[in-house]
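Take a look at the structure below.
The values are calculated or read from the model by the stated rules, or taken from the named source; none is laboratory data. Note that the structure is predicted; figures quoted are calculated from it, not measured. Reconstructed Cβ throughout: ideal geometry from the backbone, glycine too, with neighbour counts over all protein chains shown.
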Amino acid sequence: MTATIVIIFCVLSLFSLLVLHIVSPEFKPSWRMISEYALGKYKWLVTAFFIFWGLASIILAVLLWPEVHSFWAKTGVVLVFISGIGAMSGGVFDVKHKYHGLAFGLGIPTLPVGSLMICYHIIDMIKWQNAKTSILFATHAVWISLLFMAVSMVLLMSGYKKTGLPMGPGIEPPKALPNGVIGVNGYFNRLLVICYILWLVVIANVLQ
């Protein structure tokens, strides 16, 4: 039953994100990051997106703790828990808050490492054998999506630098993408979220 709650929270998180795209079309999904929706009229919806995501991660980590037995797998579960704290913090500390970067640091890099540590422990266990392919796919999708987003952010920032636009904490992004700047980071930001939440769903589905 508790694993079902994880899946429900994941669905609610993605639904909140979908609604944000409908009610805030001024934020172009190609280059505007999800957290930037907090700059619009529906900050509460962005907060809901992050809170549901974070709760799903935290609850899943609690469920996984008794399922794994090695030191590294336990460490992976702790990282999943931390990623949930980071996701929830992203909702509490929005893009304008000084701790938003800390929330990103807690929530984003931790899941790729944690999921890999857990994955290669559980796929050898009988309970998880039937889901081995989906677990491997979902786990590798997590770190690959982070890699794609990192590359896209480098392209965006290098483009901004060439145009002389100011960058840094507290500086709002431009209203329109300057000429010559490659802005696909928004797409990869959304891909990352889908892959991260997909991993939660795949693991929770086996635990049901």
Fill in the blank from the handout: From the option list His97, His121, single residue qualifying as farther than 20 Å from Phe188 by Cβ, without any contact (Cβ under 8 Å) to a residue 12 or more places away in the chain and of a type outside the set (S, T, N, Q) is His97
Exercise for the section: Keeping to the range 39-79, report how many residues are under 30 Å from Glu26 (Cβ atoms), part of a helix (DSSP H, G or I) and charged (D, E, K, R). Expected result: 1
Practice task
Collect the residues in the range 46-73 that are over 16 Å from the mean Cα position of the chain (by Cα) and not charged (D, E, K, R), keeping them in residue-number order.
Solution key: Val62, Leu63, Leu64, Trp65, Pro66, Val68, His69, Ser70, Phe71, Trp72, Ala73
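Within 15 Å of the chain's Cα centre (by Cα) and in contact (Cβ under 8 Å) with a residue 40 or more places away in the chain: which single residue out of Gly84, Gly76, Gly90 fits that description?
Details: Gly84 fails: in contact (Cβ under 8 Å) with a residue 40 or more places away in the chain; Gly76 fails: within 15 Å of the chain's Cα centre (by Cα).
Checking each option against the conditions leaves just Gly90.
Tally up the residues in the range 139-159 that are more than 18 Å from the chain's Cα centre (by Cα) and either of a type in the set (D, E, K, R) or crowded, with 18+ Cβ neighbours inside 10 Å (or both), please. Give the steps one after another, and end with the answer.
Going through the range 139-159, the residues more than 18 Å from the chain's Cα centre (by Cα) turn out to be 154-159.
Keeping just the survivors that are either of a type in the set (D, E, K, R) or crowded, with 18+ Cβ neighbours inside 10 Å (or both) gives 156, 159.
Qualifying residue count for the region: 2.
Enumerate the helices (runs of 4 or more DSSP H) found wholly within the range 106-208, keeping only those where 3 or more residues are of a type in the set (Phe, Trp, Tyr) and out of contact with any strand residue (DSSP E or B) (no Cβ under 6 Å at 6 or more places or on another chain).
Numbers: elements: 110-122, 132-163, 185-207.
Helices (runs of 4 or more DSSP H) meeting the threshold: 132-163, 185-207.
From the list Val62, Val80, pick out the single residue that is among the β-branched types (Val, Ile, Thr), crowded, with 20+ Cβ neighbours inside 10 Å and modelled with pLDDT of 95 or more.
Values: Val62 fails: crowded, with 20+ Cβ neighbours inside 10 Å.
Matching residue, one of Val62, Val80: Val80.
Residues to consider are Lys132, Lys162; find the one that is closer than 16 Å to Leu207 by Cβ, among the basic types (Lys, Arg) and surrounded by fewer than 17 Cβ atoms within 10 Å (Cβ to Cβ). Spell out how you get there, then give the answer.
On the way: Lys162 fails: closer than 16 Å to Leu207 by Cβ.
Sole residue among the options that is closer than 16 Å to Leu207 by Cβ, among the basic types (Lys, Arg) and surrounded by fewer than 17 Cβ atoms within 10 Å (Cβ to Cβ): Lys132.
Could you check, for the range 18-33, whether at least one of its residues is of a type outside the set (Lys, Arg), crowded, with 17+ Cβ neighbours inside 10 Å, in a helix (DSSP H, G or I) and touching a residue at least 40 places away in the same chain (Cβ under 8 Å)? Reasoning before the result, please.
Of the residues in the range 18-33, the ones of a type outside the set (Lys, Arg) are 18-27, 29-31, 33.
This time we only want the ones that are crowded, with 17+ Cβ neighbours inside 10 Å, so: 20, 24, 27, 31, 33.
If we keep only those that are in a helix (DSSP H, G or I) as well, we get 20.
Narrowing further to those that are touching a residue at least 40 places away in the same chain (Cβ under 8 Å): none.
No, because not a single residue in the range 18-33 is of a type outside the set (Lys, Arg), crowded, with 17+ Cβ neighbours inside 10 Å, in a helix (DSSP H, G or I) and touching a residue at least 40 places away in the same chain (Cβ under 8 Å).
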Practice task
Of all residues in the range 43-56, count the ones that are in contact (Cβ under 8 Å) with a residue 40 or more places away in the chain and either among the acidic types (Asp, Glu) or touching a Leu at 6+ places or on another chain (Cβ under 6 Å) (or both).
Solution key: 3
Handout entry: Leu111 vs. criteria under 19 Å from Ala61 (Cβ atoms), buried (at least 21 other Cβ atoms within 10 Å of the Cβ) and within 13 Å of the chain's Cα centre (by Cα)
Key = yes
Practice task
Would you mention how many residues in the range 179-208 are modelled with pLDDT under 95 and within 18 Å of Phe15 (Cα to Cα)?
Solution key: 0
